[in-house]
Amino acid sequence: MEKEIWFAGGCFWGTEKLMSSVRGVVSTEAGYANGDPSVEPTYEAVCRRTTGYRETVHVVYDPAEVSLDFLVYVFYSSIDPTLKDRQGGDYGPQYQSCIFWKEGDPESEETVRRISAVEARRHSPFMTVLEPLKRFVRAEEYHQKYLDRNEHGYCHVEPWTIDAAAGRKFDPGDYRRPSEEEIRERLTPEQYEVTQHAATEPPFDNEYDAEFRRGIFVDRVSGEPLFVSSDKFNSHCGWPAFSRPIDPSAVVIREDHSLPVTRLEVRGRVSDSHLGHVFYGDRSSPNGVRYCMNSASLMFIPIEDMERKGYGKLIPLVGPKREMWRVYFPPSASLFAA
């Protein structure tokens, strides 16, 4: 039942470390993929930039334990797909980001292309190469599990990206972004404008600003879990506010330059819907972080309905009901819209 996929994400040391940290990954192997078939690649030959080979990690995984969806999302969280022939501090065609699947595996190809289409919506230009695997050659032994043997070796993948991959709370393979037609049919005009065009709903006059029952808040478009009620607090800003997401990998943070001040926009991982913005140093938050969300982007599932609606595994994450945080804001306090 094991399956295979190949990721080229810059230096294969970091990509292998990332993938090997994921529960359900059976084995990883650093190597060189899809270059000149007449050349037997070595590290020295590939570094001369004439062979066409990319530093690649062969991943064998158990689909009963982890979905290919999750592995592909993890891969994209570790790279910048707008870059050509470089990644992190490395330059050259051998560092081009790519995803390869086994020829004759339409299921893996569909997954890779579907998720890459979501990533392409939020990254322009989109440069990651997507193609079937033609050839893979195992790299020299000193490259295998390099960072396990060299704790302080070079790694272009951030430590928190590896930690997030290792500590997943749920698998995004259970959720999908619907078609554009389905999204338009399911949502009200306001919900559509907020989620698809980054509009902002009115403060205080929205569905979940005062919702403090026990349960979870999910992405209205994809159904992906986002926040638990025990992390919701009253920020007095007029929009639902949370101190953290259920899983940091479930949201994508991007710079937003739509106002004179730069903000950090929060988007859904699977849906790519606009959710709101995140602010740091917020005095009303128990940890100084405020995820200021639009109710129109969320759907609340009370704890008594979670099992019936397919979220039963997340019930243990729902803490006890909290007293609403009450914080005095001086007149100079600055609050930004969701």
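Spin-label pair Ala64-Arg308: with each label point 7 Å from Cα along the Cα-Cβ axis, the two points sit 3.2 nm from one another. If you bin all the Cα-Cα distances of region 93-244 at 5 Å, starting from zero, the percentages per bin are 1, 6, 9, 13, 16, 15, 13, 9, 7, 6, 3, 1, 0. Here's the picture: charge each Lys and Arg Cβ at +1 and each Asp and Glu Cβ at -1 in the chain, and of Ala199, Val60, Thr15 the one pushed furthest to the positive end of that dipole is Ala199. What pairs in Lys3/Lys84; Lys17/Lys169; Lys169/Lys232 have C-alpha atoms more than 24 Å from each other? Beyond 24 Å between Cα atoms: Lys3/Lys84. A Förster radius of 22 Å combined with the Cβ-Cβ distance from Tyr154 to Asp80 puts the calculated FRET efficiency at roughly 0.80. Close amide-amide hydrogen proximity is noted between Leu133 and Trp101, Lys102, Glu103, each under 5 Å apart and 5 or more residues distant or on a separate chain (H modeled in the peptide plane; Pro and chain starts excluded).
Before anything else, pin down the relative contact order of region 173-317: Cα pairs under 8 Å, at least 6 apart, normalised by residue count, whole percent. RCO, region 173-317: 26 percent. Placing dummy labels 7 Å off each Cα toward the beta-carbon, the span from Glu44 to Ser27 is 2.8 nm.
Averaging Cα coordinates gives a centre for region 19-47 and one for region 203-272; these two points are 39 Å apart.
Residue order for Leu147, Leu18, Leu226, fewest other beta carbons within 10 angstrom first, comes to Leu147, Leu226, Leu18.
Rounded, prolate or oblate, given the Cα gyration tensor of region 54-155, with a/c below 1.5 counting as rounded? Oblate, because a/c is 1.5 or more while a/b does not exceed b/c. Distance between the 7 Å Cα→Cβ label points at Ala210 and Asp163: 3.8 nm.
Just so you know, the averaged projected area of the alpha carbon convex hull for region 1-97 sits at 6.2 nm². The shape of the chain can be summarised by an equivalent ellipsoid whose semi-axes, obtained from the alpha carbon gyration tensor, come to 40, 20, 19 Å from longest to shortest. About its Cα centre, the chain has a charge dipole of approximately 700 debye under the convention of +1 per Lys or Arg Cβ and -1 per Asp or Glu Cβ, with nothing else charged.
One quarter of the surface of the convex hull around the alpha-carbon atoms of region 173-317 equals 8.6 nm², the direction-averaged projected area.
Size descriptors for region 234-283: radius of gyration and Dmax over Cα atoms are 11.4, 31 Å.
Estimated from the Cβ-Cβ distance and a Förster radius of 22 angstrom, the FRET efficiency linking Arg121 and Glu185 is about 0.65.
Counting only DSSP H runs of at least 4 residues, each contributing -39500 (n - 2.57), and dividing by the residue count of the chain, the helix-based mean residue ellipticity at 222 nm comes to -5500 deg cm²/dmol.
Laboratory data are not the source of any read-out in this text; all were calculated from the coordinates shown. Not measured: the values here are computed from a predicted model. With ideal geometry, Cβ positions are generated from the backbone for all residues, glycine too; neighbour counts draw on all protein chains shown.
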